[in-house]
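Everything below concerns the one structure shown next.
We did not get these values from a lab; they are worked out from the coordinates using the rules stated. Bear in mind the structure is a predicted one, so any value in this text is a computation, not a measurement. Cβ sites come from the backbone with ideal geometry, for glycine too, and all protein chains shown count toward neighbours.
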């Protein structure tokens, strides 16, 4: 058997390396595109607004994201679904005899859901009125003054409704703790005596646990996971989510070519010999991109910049 020549043996690893490099670039481009679309998605922008509303100064936040029509509809759907589910389970399990008064716990939980409906309607009216967001938000964050209570009207109504919501949230928190004590008391082996009621209570407790842990989950997502992904990809998802970045269609419409030394020699006065983003000299056959203002940059450098802010790094001219 004749052994392969040295040239053919070295060409195979080179081809494999080239294929692997091309595959890596394809995966990297696909990942960058997916992350860019996610950072401009409505749900990601909404989560950022929620996190900023909960942790930032009220004067810098604008409208309350929890009073948006989509969020209010989601809350209404969750409340109605819980009421229907609890009523159906309690009605179909009259023979169950739990050790703890789980029916009382479910009934009080349903009363809290019923009392949440007027608050939901009030929030909807204030958000549709256009001025309820700022007023109710300021009262919620800073409290209402005595002057507001004396004037009455919208300010007094907002103050009373915010107090009612605070008391209702306190009730749900205390009832959540009580439900954990009753449901997960393993000493009495009550689960086998009332499996449906226990399953219902466990589901409601799990739902409330997710709701209470939402601020912590948002912290992990926006302060830990997102910065790590952005650092690994070289892409600022937090800044891009403000809808200032350029879209893939805008980037594709910009001219691009391979750099040539002769082009720079013909036009020295435009200072196009180095990329002002990475401060590196252009090299022969490097991919460059030109913006509408005629400024030129490395393709990778300016694409990352434009995905964050859709303006020229030098003259600040917008792409549009």
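Taking other Cβ atoms within 10 Å as a rough exposure proxy, 315, 223 sort from fewest to most as 315, 223.
Estimated at 0.36 nm per residue, the fully extended path between residue 163 and residue 97 surpasses their Cα-Cα distance by 20.0 nm.
Among 247, 213, 127, the order by Cβ neighbours within 10 angstrom, fewest to most, reads 213, 247, 127.
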